[in-house]
Amino acid sequence: MTLALVKPPVVPDEITDLKRLAAGIVRAQGNRFIKELLRAKGIRIGTNKEDFERNLTEAIETGKLKLEEVAAWLRRVEGWGNQHVYLYNVSPALQKDLTRPRIRQRVEAAGLGAVWDGETALEFPDEPRLTSISFNDSVLRIVWQEASPEWTPVPEKNYREEEGLDLYEYRAFRRVEHRAITRFEAHLNGGFEKNGIAGLFIADPIQGDEHKAALAEAKRVMSLLMDLPELERGQIDISVVSRNVDQRNVPSNAVPNPEVKAQKSRLKSGGAYVEFAASSPDRAYWEEDAIRYVRKSVKSQQLPAFQGSDGVFAFQPGFGPRALARALRVQLYGRGDRVRLWAQMDVDEVWTILTKLCAYQ
């Protein structure tokens, strides 16, 4: 007798949720990352946007693309890049204190057991919602999700209408949804070069008062799980990082091919500052010979007198053991000790950039 393997039926609600989720992430991040997922699954991508969307929909409807696969993909790409980051050195004492059993115990004591080891939720909550706390492979993760809708123009739906002697023009916009992710990650006790580094990530769509509220809520939950003042004592001084990134990547005989191109750098000392900047975002300011000569007049022994109050830098591909495959731009704010990641990235690209920045402390 021959036994046939029967696929479990695809649940209609799951299909609807996955379509909505995938569409939201595609709008937020473009097609680049989900194409990698389809390619890895042997699913045809197509030659244009219509082919791609049709093949993606078919893969979800037929069960070729399953929830657990999309969830794993989301962990790599959703909410990474295009965000603000606060970086911390995790002290040895704090690393010793943050263990999985202790975190689990504190999660339960705080009444947060429902989100322990929580998977990616398919919902788009209107308000920020804590969806997951986990501790796996020496990494503590805390994740919040919220809807981040926006309105995109639909010119083909525009029309004009006359009323009496007046002419009215109606312009159409379509509401599109994606999600904003706030997260905290601490890499502890053996995370390659990430060991002892933590980051608090706020998505760029969360701005102004909402950004402050997300920061406050994140720290409230973090304080339930760890010694928050001890973590904050280790916050990385971005003014020092910005200054050092600039100084060490001006071309010289010792550094003929810099890892970083500085589009803009401001060095501050006391009540004065000097700023170097290229007029094009695609160039480094030191690509102009005269400006490079002026910048090189700041010697290493003079550098401690300066702080880097603001800088825009492009990390170049091909440097180091975990080399980037493409140039990625960051902005460093000395005021507020904040890093701005300008491009959509995946998790590996983000942590490659952040560990490179930490090496400039």
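Computed from the coordinates by the stated procedures, all read-outs in this text should not be read as laboratory data. Remember, it's a predicted structure, so these values are computed and weren't measured experimentally. Backbone-built Cβ (ideal geometry, glycine too); neighbour counts: all protein chains shown.
Structure summary
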quantity: Residue-averaged 222 nm ellipticity for the chain, from DSSP H runs of 4+ at -39500 (n - 2.57), nearest 500; calculated: -10000 deg cm²/dmol
quantity: Full-stretch length increase - residue 16, residue 228 - with 0.36 nm per residue and alpha-carbon distance subtracted; calculated: 72.3 nm
quantity: Cβ crowding within 10 Å averaged over residues, with 328-337, 39-48, 124-133 ranked highest first; calculated: 328-337, 124-133, 39-48
quantity: Pairwise label distance in nanometres, residue 274 with residue 117, each label 7 Å out on the Cα-Cβ vector; calculated: 5.8
quantity: Hits among lysines - C-alpha to C-alpha of residue 219 under 24 Å, sequence gap 8 or more where chains match; calculated: 96, 194
quantity: Net lengthening on full extension, residue 172/residue 287 (0.36 nm per residue, minus Cα-Cα); calculated: 36.9 nm
quantity: Partners for residue 66 among lysines (Cα-Cα distance below 28 Å; same-chain residues under 8 apart left out); calculated: 7, 19, 35, 41, 49
quantity: Ranked by how many other beta carbons lie within 10 Å on average, peptides 111-119, 338-346, 161-169 from highest; calculated: 338-346, 111-119, 161-169
quantity: Length added when fully stretched, residue 102-residue 255, from 0.36 nm per residue minus Cα-Cα; calculated: 50.5 nm
quantity: Packing-based order for 288-298, 348-358, 134-144, using average beta carbon neighbours within 10 Å, highest first; calculated: 348-358, 134-144, 288-298
quantity: Cα lying deepest toward the dipole's positive end in the chain, options 211, 81, 257, charges on Cβ; calculated: 257
quantity: Directionally averaged shadow of region 238-358, computed from the convex hull of its alpha-carbon atoms, nm²; calculated: 7.6
quantity: Other-chain or far-sequence residues with amide H under 5 Å of residue 131's (modelled H); calculated: 143, 144, 145
quantity: Radius of gyration and Dmax over the Cα atoms of the chain, both given in Å; calculated: 23.8, 87
quantity: Around residue 75: net Lys/Arg minus Asp/Glu count, Cβ-Cβ under 12 Å; calculated: -4
